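Heads up: the structure comes next, in structure tokens.
The values are calculated or read from the model by the stated rules, or taken from the named source; none is laboratory data. Not measured: the values here are computed from a predicted model. With ideal geometry, Cβ positions are generated from the backbone for all residues, glycine too; neighbour counts draw on all protein chains shown.
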Protein chains: 2
Amino acid sequence: MKSDKVSEQTTKRLSIYLRCLNELAAAGQVSVSSEACAKRFGLNSAQIRKDLANFGEFGHRGVGYNVSALREHLIRILGLDRQHSVGIIGAGRLGTALADYYRVLDSNFAVAALFDNDKDKIGKKVGDIEIFDIKNFAAVAKRDNIEVAVIAVPAGEAQATIEIIDKTGISAVMNFAPVRLRASAHIKLKSVDMTTTLESLSYFLANDSQ
Amino acid sequence: MKSDKVSEQTTKRLSIYLRCLNELAAAGQVSVSSEACAKRFGLNSAQIRKDLANFGEFGHRGVGYNVSALREHLIRILGLDRQHSVGIIGAGRLGTALADYYRVLDSNFAVAALFDNDKDKIGKKVGDIEIFDIKNFAAVAKRDNIEVAVIAVPAGEAQATIEIIDKTGISAVMNFAPVRLRASAHIKLKSVDMTTTLESLSYFLANDSQ
């Protein structure tokens, strides 16, 4: 697998292809051409062929891809053939909404624990997920084999939070706090900023209507 | 205002600067230099000066920016000096979590209505926000002056949803469904895909540990 040559954008597209294949498999479809797949899901067929070619020969000329086989391949390539344990830091509205969201999401990401520094929240549960004291993050992360940390704290606390995560050896972090974070080079940090996304829509609305 | 020359990335950074200024204002700070702001929030000081220069002369050599004045300017530039009405389509886990999230977010985006096609949900409320029949989307959107539509439906229903939105003249759409959508040129479409973000972290974990 030429994993070192695969860009982040390619990885994201593989994830989108997997979702397309999931839908096709659920609909009972056995094979699909890159053209049909592109048309149905609004993708680019040449891009699909190019992306998949990074990982081997999956298509058959005139027949297309076998939906089930390609789906299995993508699951393995994306590391989705096993469960990942997730810890969410910040048990406020966003953190608990995310815990709820991931809990019902049919995915390989299972929220193992929530963390907060608010004594009123520590020890309580969201569904069946306990809220732990952030002071015990390293111990709980180790016990529950947490691989992905999700930051859902206020902007002003996010940098201190990633520093706590950094000390544990966790290398995958998803940040929902609307602030840019500095992290060690070994950390893969992805940011999802819902507020700046809304505000850039607001900018568009303000300048569109002039 | 040279709004037509301002890139999407710049708009996003303006939103981040505004959040920094909000924190500084809350802490009672009167002025800030681009260097201090960059250092505190992990930004680039030259970039800050360049971005702000698009909109006028805000800084004073040796003194820096007046926090309150710059904050007011950014609020106006971003169109955040007035309320925007938001409609969320999809009253499942994600849609209701988002309604909850935006409701407590101290922002200019107020969720006016939820929409679904599930008869068991229609007529119910999430907090004080009613769930309407998606069939009445155009009428409710007009009545409540909805400017931003949020798509929180399953992937397979997202394209049909944006086509419903498209017919109403709403021009700002935020998509949470993990699928790429085709929309008219007049629609500003922003996608937030939490699943592909998680899955690209999974890819990183799978290939990091080899």
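Criterion applied to A:VAL126, A:VAL111, A:VAL148, A:VAL140 was being in contact (Cβ under 8 Å) with a residue 24 or more places away in the chain, farther than 29 Å from B:ALA172 by Cα, over 19 Å from the mean Cα position of the chain (by Cα) and within 14 Å of another protein chain (Cβ to nearest Cβ), and the one residue passing it is A:VAL126. Is it the case that A:ALA99 is in a helix (DSSP H, G or I), crowded, with 17+ Cβ neighbours inside 10 Å and of a type in the set (A, V, I, L, M, F, W, C)? Yes. Condition check for A:GLU147 on (1) crowded, with 16+ Cβ neighbours inside 10 Å; (2) over 19 Å from A:GLY95 (Cβ atoms): one failure, at (2). When segment A:114-123 is examined, which residues are found to be part of a strand (DSSP E or B) and either within 14 Å of another protein chain (Cβ to nearest Cβ) or hydrophobic (A, V, I, L, M, F, W, C) (or both)? Within segment A:114-123, A:LEU114, A:PHE115 qualify. Can we say B:PHE137 is closer than 20 Å to B:TYR101 by Cα and not aliphatic (A, V, I, L, M)? So B:PHE137 does not fit the description; no.
In segment B:18-55, the qualifying residues are those that are closer than 12 Å to B:ARG71 by Cβ and within 11 Å of another protein chain (Cβ to nearest Cβ), and the one that is surrounded by the most Cβ atoms within 10 Å (Cβ to Cβ) is B:CYS20. Taking A:ILE165 as the residue in question, decide whether it is touching a strand residue (DSSP E or B) at 6+ places or on another chain (Cβ under 7 Å), more than 30 Å from A:ILE75 (Cα to Cα) and touching a residue at least 40 places away in the same chain (Cβ under 8 Å). Considered against the rule, which asks whether it is touching a strand residue (DSSP E or B) at 6+ places or on another chain (Cβ under 7 Å), more than 30 Å from A:ILE75 (Cα to Cα) and touching a residue at least 40 places away in the same chain (Cβ under 8 Å), A:ILE165 comes out as no. Quick one: in segment B:156-210, of everything that is of a type in the set (Gly, Ala, Ser) and buried (at least 19 other Cβ atoms within 10 Å of the Cβ), which residue is nearest to the other protein chains (Cβ to nearest Cβ)? Among those that are of a type in the set (Gly, Ala, Ser) and buried (at least 19 other Cβ atoms within 10 Å of the Cβ), it is B:ALA206.
Yes or no, residue by residue, for (1) more than 17 Å from A:GLU72 (Cβ to Cβ); (2) in contact with a Ser or Thr (Cβ under 6 Å, 6 or more places away or on another chain); (3) of a type in the set (Gly, Ala, Ser); (4) not assigned by TED's automatic domain parsing to the domain that holds A:ALA69:
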site	(1), (2), (3), (4)
A:LYS12	yes, yes, no, no
A:SER15	no, yes, yes, no
A:LEU24	no, no, no, no
A:SER31	no, no, yes, no
A:SER34	yes, yes, yes, no
A:CYS37	no, no, no, no
A:ARG40	yes, no, no, no
A:SER45	yes, yes, yes, no
A:ARG49	yes, yes, no, no
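Note on segment B:48-93: residues that are within 22 Å of the chain's Cα centre (by Cα) and assigned to a helix (DSSP H, G or I) total 12.
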